[in-house]
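Take a look at the structure set out below.
The values are calculated or read from the model by the stated rules, or taken from the named source; none is laboratory data. It should be emphasised that the depicted structure is a prediction, and the values quoted were computed from it without experimental measurement. We place every Cβ from the backbone using ideal geometry, glycine too, and count neighbours over all the protein chains shown. Remember, those area values only see protein heavy atoms, side chains included, never the ligands or the DNA or RNA. Shrake-Rupley method; radii C 1.70, N 1.55, O 1.52, S 1.80 Å.
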Amino acid sequence: MAANANKTTSIVAARNRKAKHNYFIESVFEAGLVLLGTEVKSLRKGRSSIEEAYAIEQDHELYLLNAYIPSYSASTQTQHEPRRQRKLLLHKSEIERLAKNVNREGMAIVPLSLYFNSRGIAKI
């Protein structure tokens, strides 16, 4: 009947190609992002960059720093700051595990790709 009902498609907005060469990837997590409307529209254009981005832990929450999402030119509302701090959405146990590993020497949280899943939700 519906042969392609189980297909999952994702649209990649940005990819960190150097991360797998510069870092040893111990584990991979999928996290949601708290974004503004102009950021989502700008991401869909595909001109963002996560080459220099990394995540830090503050007050038991993870934040993505230094990710570049350019301003959306067609917006009539106030624009977002291109390199602002963005909250990552993860389960509490995942945040605790990542924060514990970051506190060890030599560990870092680096994004590999920023994409929209099959439901249109931005993930990193």
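Below are the figures for this structure:
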{"read-out": "Subset of the stretch 14-28 (residues that are surrounded by 15 or more Cβ atoms within 10 Å (Cβ to Cβ) and over 13 Å from ALA108 (Cβ atoms))", "value": "ALA14, ARG15"}
{"read-out": "Search result, residues across the stretch 112-123 that are open to solvent by less than 30 Å² (accessible area, probe 1.4 Å) and in contact with a Phe, Trp or Tyr (Cβ under 8 Å, 6 or more places away or on another chain)", "value": "ALA122"}
{"read-out": "Cβ-Cβ under 7 Å pairs, at least 6 apart or on other chains, the stretch 35-54 side touching a residue at least 12 places away in the same chain (Cβ under 8 Å), far side of a type in the set (D, E, K, R) and surrounded by 15 or more Cβ atoms within 10 Å (Cβ to Cβ)", "value": "LEU35/ARG86"}
{"read-out": "Number of positions in the stretch 57-76 that are on the phi > 0 side of the Ramachandran plot and in contact with a strand residue (DSSP E or B) (Cβ under 7 Å, 6 or more places away or on another chain)", "value": "1"}
{"read-out": "Test for GLU52: is it open to solvent by 50 Å² or more (accessible area, probe 1.4 Å) and over 23 Å from THR9 (Cβ atoms)", "value": "yes"}
{"read-out": "All positions within the stretch 84-108 that are assigned to a strand (DSSP E or B), open to solvent by less than 30 Å² (accessible area, probe 1.4 Å) and under 12 Å from GLU30 (Cα atoms)", "value": "LEU88"}
{"read-out": "Hits in the stretch 63-95 (condition: touching a residue at least 40 places away in the same chain (Cβ under 8 Å) and of a type in the set (A, V, I, L, M, F, W, C))", "value": "LEU64, ALA67, LEU88, LEU89, LEU90"}
